[in-house]
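First, the structure itself, so that you have it in front of you.
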Amino acid sequence: MKKLINSPETFVKDSLAGMALAHPELIKVHYDPNFVYRADAPVSGKVAVISGGGSGHEPMHGGFVGMGMLTAACPGEVFTSPTPDQMLESAKMVNSGAGVLYIVKNYTGDVMNFEMAAELARAEGIKVQNILIDDDVAVKDSLYTAGRRGVGNTVLAEKIVGAAAEKGYGLDKLADLCRQVNINGRSMGMAITSCTVPAKGSPTFELGEEEIEVGIGIHGEPGIERMGMKPADEITEMMALSIIEDDAYTRTVREWDDAKGEWIEKELVDPPFKAGDKVIAFVNSMAGTPVAELYVVYRKLAEICEKKGLTIVRNLVGPYITSLEMQGMSITLLKVDEEMLGLWDAPVNTPGLRWGV
Amino acid sequence: MITKDQIVAWLRRCADVLAENKKYLTDLDAAIGDADHGINMDRGFTRVVSQLPGVEDKDIGNILKMAGMALISSVGGAGGPLYGTFFMRAGMATAGKYELTNADVAQLLEAALDGVLQRGKAKLGDKTMVDALTPAVEAFKQTLNGNAETDTLTALEAAVAGAKGGMEATIPLVARKGRASYLGERSAGHQDPGATSSYLLLNALLTVVNEA
């Protein structure tokens with residue numbers, strides 16, 4: 001294993017320390033428990049938007065902390081969900097009194113840890129809601145799996161919901177918006193190489209020189225299907241069509257019902273894309289794939305969207321939700337309305353995403 | 001009968017066993033998950049052992065609850081909440097006790113398993129730790145059934161045999177929960193890492209009781 005680290009044990013902390021030094025005007029880092037938070041938090045009168053997940057996906061989530069996006073982020077060990085004490089302590093630190101929205105990627109560990117954190121935060125009198133992001137169309141059914149994984153749409157949700165919090169949306173309205181962003185976005189990813197978790201020291205899976213893994217998540221986990229390498233256009237077409245032609249997707253999520261004072265099961269349905277929809281198109285690198293190759297993908301994606309009657313009104317191209325040093329990419333399409341589009345365009349000032357300031 | 005000192009020795013033994021099996025569990029996880037289970041469990045029980053001196057003279061309930069809290073705040077992933085809940089519930093079931101009768105142990109195991117089922121919502125056959133824990137708890141209770149004279153060792157041996165059988169039975173299963181579920185049919189043919197760590201933890205208890 002060759003990596004620019006000092007040791008697997010100190011990797012996450014060393015990286016957080018460097019990030020704090022690089023962006024002192026935007027963020028601060030708290031250690032034991034670890035979390036990144038806005039330098040000016042708590043922001044008076046505003047709902048705090050907190051996310052988190054395993055490390056190794058940078059800039060997500062810590063790099064998206066700042067004005068117009070996340071109020072705090074909890075980094076776990078590499079590819080491992082953070083723990084409830086991180087989520088609770090960050091909530092206590094950044095809660096202005098307007099409440100906390102936890103944006104949670106749908107992975108078994110993340111969901112359970114954030115649910116425990118929400119229970120602990122509520123016991124301390126903090127208003128909390130958990131909203132899931134589950135956008136990975138590579139997962140076909142929700143009945144026999146843990147459901148669709150939270151992948152690329154998380155970045156778009158954090159931007160849009162963060163902008164809404166900045167505008168002063170209350171917790172319930174913010175939770176509604178986050179749910180809408182979730183059900184209107186779909187993603188799919190693929191890998192050209194595996195990646196190496198520092199603590200393990202060897203690649204998570206082996207891929208032959210001429211093989212790709214399609215339908216991966218963001219943790220170096222094996223995907224849905226392994227196939228031979230193909231030209232970028234063919235791979236892009238296969239993935240774009242999987243997203244655009246995906247049927248309505250139904251699953252049950254757990255959310256907190258404040259009136260009842262308990263977790264309730266809620267059925268959510270993703271409406272399929274249709275001609276005339278306006279979308280944000282997001283082509284993401286898993287980190288190892290150069291931006292030039294992402295544009296090769298974007299070129300074909302734009303052509304397919306046009307053919308399918310989808311208007312790309314905004315785009316994002318680059319490494320934003322990564323998988324250590326993996327080569328590969330993901331595509332996300334999010335159907336937006338005027339409200340979401342306005343929030344997307346709103347100013348944002350974070351280490352990883354910055355415009356309008 | 002299981003004493004407080006044996007519970008303390010069990011937690012230390014768990015840490016040793018998980019350190020020894022760190023690579024093994026991580027390799028099992030690499031096949032169908034994300035290659036961190038051994039690393040996470042090792043980190044968790046290292047934390048448990050580091051906090052043992054502060055609670056060693058307290059009752060079994062307190063010791064087990066401390067273990068649960070330590071795991072919740074250090075393991076992460078799915079293992080943290082699940083094993084954390086396992087030990088928290090075990091602690092709640094043994095509050096105030098310094099010795100456990102067979103009936104107490106049965107209650108401990110049942111409460112711990114219930115906690116895992118509630119938190120993780122897995123069912124038997126989903127290819128999770130539940131597949132090792134359920135037959136273990138069943139075997140323990142069945143061995144005791146109607147015979148107050150059964151010694152704890154015999155019942156624990158049955159429980160560990162149940163866990164081992166359940167663990168091995170996860171090999172052909174298709175995962176329906178956790179990260180392995182995304183592999184669908186490709187998850188078959190691999191032993192579940194969570195069921196394996198559950199077996200290792202119960203076997204560690206047997207080892208400690210056996211040494212007495």
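The values are calculated or read from the model by the stated rules, or taken from the named source; none is laboratory data. Keep in mind that this is a model prediction, so the values were computed, not measured. Reconstructed Cβ throughout: ideal geometry from the backbone, glycine too, with neighbour counts over all protein chains shown. Side chains included, ligands, DNA and RNA excluded: accessible areas come from the protein's heavy atoms. Shrake-Rupley method; radii C 1.70, N 1.55, O 1.52, S 1.80 Å.
Out of the residues in segment A:321-343 that are assigned to a helix (DSSP H, G or I) and either open to solvent by 10 Å² or more (accessible area, probe 1.4 Å) or without any contact (Cβ under 8 Å) to a residue 12 or more places away in the chain (or both), which is farthest from A:VAL65 (Cα to Cα)?
Result: A:GLU338.
Working carefully through the options A:PHE79, A:PHE11, find the one that is among the aromatic types (Phe, Trp, Tyr), within 21 Å of A:MET116 (Cα to Cα), within 14 Å of chain B (Cβ to nearest Cβ) and out of contact with any Cys (no Cβ under 6 Å at 6 or more places or on another chain).
A:PHE79
Mind listing whichever residues of segment A:251-288 are assigned to a strand (DSSP E or B), in contact (Cβ under 8 Å) with a residue 40 or more places away in the chain and charged (D, E, K, R)?
A:ARG251, A:ARG254, A:GLU255, A:ASP270, A:LYS278
Continuing with this model, one more query. State yes or no: is B:ALA93 within 11 Å of another protein chain (Cβ to nearest Cβ) and among the aliphatic types (A, V, I, L, M)?
no
Here's another thing I want to ask about it. Mind listing whichever residues of segment A:209-259 are open to solvent by 40 Å² or more (accessible area, probe 1.4 Å) and closer than 18 Å to A:SER323 by Cβ?
A:GLU211, A:ILE224, A:GLU225, A:ARG226, listed by residue number.
Continuing with this model, one more query. What single numbered condition from (1) on the phi < 0 side of the Ramachandran plot; (2) open to solvent by less than 30 Å² (accessible area, probe 1.4 Å) fails to hold for A:GLY318?
Here A:GLY318 meets the rest and fails (1).
Looking at segment A:69-88, which of its residues are surrounded by fewer than 24 Cβ atoms within 10 Å (Cβ to Cβ) and in contact with a strand residue (DSSP E or B) (Cβ under 9 Å, 6 or more places away or on another chain)?
The answer is none; no residue qualifies.
Something else now. All but one of (1) farther than 30 Å from A:GLN86 by Cβ; (2) surrounded by fewer than 19 Cβ atoms within 10 Å (Cβ to Cβ) hold for B:LEU117; which doesn't?
Unmet for B:LEU117, out of (1) farther than 30 Å from A:GLN86 by Cβ; (2) surrounded by fewer than 19 Cβ atoms within 10 Å (Cβ to Cβ): (1).
Further, regarding this structure: Which condition from (1) touching a strand residue (DSSP E or B) at 6+ places or on another chain (Cβ under 9 Å); (2) away from chain A (no Cβ under 14 Å); (3) of a type in the set (A, V, I, L, M, F, W, C); (4) closer than 22 Å to A:PHE79 by Cα is the one that B:LEU100 breaks?
In the conditions (1) touching a strand residue (DSSP E or B) at 6+ places or on another chain (Cβ under 9 Å); (2) away from chain A (no Cβ under 14 Å); (3) of a type in the set (A, V, I, L, M, F, W, C); (4) closer than 22 Å to A:PHE79 by Cα, B:LEU100 misses (4) alone.
Just wondering, is there one or more residues in segment A:193-208 that are open to solvent by 10 Å² or more (accessible area, probe 1.4 Å), assigned to a helix (DSSP H, G or I) and more than 13 Å from every other protein chain (Cβ to nearest Cβ)?
No, that holds for no residue.
Quick one: in segment A:89-138, of everything that is part of a helix (DSSP H, G or I), open to solvent by 20 Å² or more (accessible area, probe 1.4 Å) and under 20 Å from A:HIS30 (Cα atoms), which residue is farthest from the other protein chains (Cβ to nearest Cβ)?
A:MET93
Could you give every pair whose Cβ atoms fall below 6 Å, whose first residue belongs to segment B:114-135 and is acidic (Asp, Glu), and whose second residue is assigned to a loop (DSSP other than H, G, I, E, B), counting only separations of at least 6 or pairs across chains?
B:ASP126/B:ARG176; B:ASP126/B:LYS177; B:ASP131/B:THR170
Can you tell me which condition B:ALA195 does not meet? The list is (1) open to solvent by less than 10 Å² (accessible area, probe 1.4 Å); (2) on the phi > 0 side of the Ramachandran plot, and all the others hold.
Against the list (1) open to solvent by less than 10 Å² (accessible area, probe 1.4 Å); (2) on the phi > 0 side of the Ramachandran plot, B:ALA195 comes up short only on (2).
Conditions tested, residue by residue: (1) open to solvent by 80 Å² or more (accessible area, probe 1.4 Å); (2) over 30 Å from A:VAL357 (Cβ atoms); (3) free of Cβ contacts under 8 Å to residues at least 12 places away in the same chain.
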{"residue": "A:THR10", "(1), (2), (3)": "no, yes, yes"}
{"residue": "A:LEU21", "(1), (2), (3)": "yes, no, yes"}
{"residue": "A:ILE27", "(1), (2), (3)": "no, no, no"}
{"residue": "A:TYR31", "(1), (2), (3)": "yes, no, no"}
{"residue": "A:ASN34", "(1), (2), (3)": "no, no, no"}
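Name the single residue, out of those in segment B:138-157 being hydrophobic (A, V, I, L, M, F, W, C) and under 17 Å from B:ALA112 (Cβ atoms), that is surrounded by the most Cβ atoms within 10 Å (Cβ to Cβ).
B:PHE140
For every residue, the table says whether it meets (1) at pLDDT 95 or above; (2) among the polar types (S, T, N, Q).
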residue	(1), (2)
A:THR322	yes, yes
A:MET329	yes, no
A:GLY352	yes, no
A:VAL357	no, no
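Within the group A:MET190, A:MET227, A:MET238, which residue is hydrophobic (A, V, I, L, M, F, W, C) and within 22 Å of the chain's Cα centre (by Cα)?
Criteria check complete, one pass: A:MET190.
Also: Can you find a residue that is open to solvent by 40 Å² or more (accessible area, probe 1.4 Å) and either under 23 Å from A:TYR249 (Cβ atoms) or at pLDDT below 95 (or both) anywhere in segment A:166-185?
Yes, some residue in segment A:166-185 is open to solvent by 40 Å² or more (accessible area, probe 1.4 Å) and either under 23 Å from A:TYR249 (Cβ atoms) or at pLDDT below 95 (or both).
Conditions: (1) away from chain A (no Cβ under 14 Å); (2) touching a Lys or Arg at 6+ places or on another chain (Cβ under 9 Å); (3) open to solvent by 10 Å² or more (accessible area, probe 1.4 Å). B:GLY125 meets all but one. Number of the miss?
(1)
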